[in-house]
Amino acid sequence: MLRDILQGLQDTLKTSTVTYGVINAVLLLSLAFILVFQNGNTSTTRKKLKHLQRLGLSSSNMADQYDSKYDAPEGITTKGPVRIKAVCIHPIKSCGRIELNRAVLTKTGFMYDRCFAFATELGKNNPAMESKWRFISQRTKPTMSQIKTELWLPHKESNQHDPLVQAGGCVVVSFPDPDGPGWFDCLGKFLYTGNPIVKPEVRFIVPLQPTPAMINDYNIQFKTFGIHDRDAKGLDMGTIPSVAEALPKLKRYLRIANDQNLTLLKCTPDTLVRTDRNLAPLEHIGTPSVHGYTDQQPININSLSSVHAVSTLLPKENQPLNAFRFRANLWITGAPAFDEESWKRYRILPKGRDAGPRADVAPTVSVVCRTSRCTMPNVNPETGVPSTDNPSLEKKRGKPQPSATLVKFRTVEDGNKSALGYIGMHCVPEDRALQMAEEQEKGLYVAVGDEIEVLERGEHLYGSTGNDY
């Protein structure tokens, strides 16, 4: 009997030990869960966004972009209407896109498109050089394509006392963490995504329109910087704590020298500039075209059939060609390849499925020139790695693609001597539709599914002008 009692006590102690161990493990995991959601990078960001809603599609309207049904060789006659297949904005110049079902058209292009730009300071430590800030892009920093953006805006039930609501919303910026995973961030990412192998990333918030209080508290000031051959201005957002904290890691990710400063600039209505080349006739657009941080014009349109036509000319190893390499605002289907190059004016007919309120007016747009391409389309938007074809035996490196192919087959004019071929068209919105939408107190939206009605056709030459102003 004594032996049975002793055995029972031993079993009880073992059970208690296991029970206590399980309880302790659960408590520790719970504590870690709480700490991660209270202090993790992702959770901190989410808490600040609680009064905003995210805009953007979870699945792309371009998911079937490689389908042969979008093939339409140059010169053929197509059946059916020309339709808008996708609408894209790029809040930060040269960074990740946001795809929308519809977007508001303004005098300067689509709302929130290219309203920020990253810039570095040149000549800071060189006494022989004058210090100057200049924008950076995928031309020299191809991994900028991996900097993702999210657009968060207030909604009807938003708390009007929330600072980000007062700022009109924010852009959430994320990029791969160059310093590798820490266990705390890995745990937070796992609890957030459910994916145990997801790569850690850095996330930070940028207000869309800094309030006077933010400008005063963070000493946000205007800074002049260069975009190509022109000077631009913008609010220096690098003094905002969330931005300032992320910039050192972003410098390491982009491999910017330690002694070179990096910041983020914000375009404002006071920093817009007139376009100075490829001018649209004032009789159509009303008032001179203005833009922010786009290279030239407010809108860029491109056609899937044109991209398919170029794709067939590429070396097999570079096919199929991802249309997103060309970073257009509007993607169309239903027109023969390169048909858009003969358009001078078009109207966007509101035929999309989007049920949201919109102004009862069809936007009209003037087409001013072909898009002369640079080296940026060579960057694979999915990996951030520039593409080349397979080199011949006597060569160590292949030719950059699709640039080499565009130069060979798509140098269809000589307006821009520096062009690496042409594909896509630059456009300017016309004032009349903008004014009508303002009178109706509704947004002038362009939506997926809207139809294109070509109003005028003609010749285009890069650098020519409709009239001087």
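Computed with the Debye formula from one identical point scatterer per Cα of the chain, without solvent, the log10 of I(q)/I(0) at q = 0.11 Å⁻¹ comes to -0.97.
Could you work out the percent of alpha carbon pairs in segment 388-455 separated by over 16 Å, rounded to a whole number? Cα-Cα pairs of segment 388-455 separated by over 16 Å account for 70 percent. Figure note: Val165, Val454 ranked by solvent-accessible area, largest first, 1.4 Å probe, ligands and nucleic acids not counted: Val454, Val165.
Three semi-axes describe the equivalent ellipsoid of segment 96-170; taken as square roots of 5 times the Cα gyration tensor eigenvalues and ordered largest first, they are 33, 17, 12 Å.
The reciprocal of the average 1/r between distinct C-alpha atoms defines the Kirkwood hydrodynamic radius, which for segment 190-341 equals 19.7 Å. Candidate membrane-span-like segments in the chain, meaning DSSP H helices with Cα atoms spread over at least 30 Å of their own axis and a Kyte-Doolittle mean of -1.0 or above, are 2-39, with no membrane implied. Contact order, relative form, for the chain: 20 percent (alpha carbon pairs under 8 Å, 6 or more residues apart, mean separation divided by residue count). Binning all Cα-Cα separations of segment 275-348 at 10 Å, short to long from zero, yields these whole-percent fractions: 16, 40, 31, 12, 2. Ligands, DNA and RNA are left out, and with a 1.4 angstrom probe the accessible area of the chain is 51 Å² per residue. Sorting Ser174, Ser131 by solvent-accessible area of protein heavy atoms yields Ser131, Ser174, largest first, with a 1.4 Å probe. Modelled spin labels at Arg432 and Asp162, positioned 7 Å past Cα toward Cβ, are 4.1 nm from each other.
Over all orientations, segment 237-305 has a Cα convex hull whose mean projected area works out to 8.3 square nanometres. Of all DSSP-defined beta bridges confined to the chain, some 95% are antiparallel rather than parallel.
The values are calculated or read from the model by the stated rules, or taken from the named source; none is laboratory data. Everything numeric in this text was worked out from a predicted model, so none of it was measured. Cβ: placed from backbone, ideal geometry, glycine included. Neighbour counts: every protein chain shown. Each accessible area value is taken on the protein alone, full model and side chains, heavy atoms only, with ligands, DNA and RNA left out. Shrake-Rupley method; radii C 1.70, N 1.55, O 1.52, S 1.80 Å.
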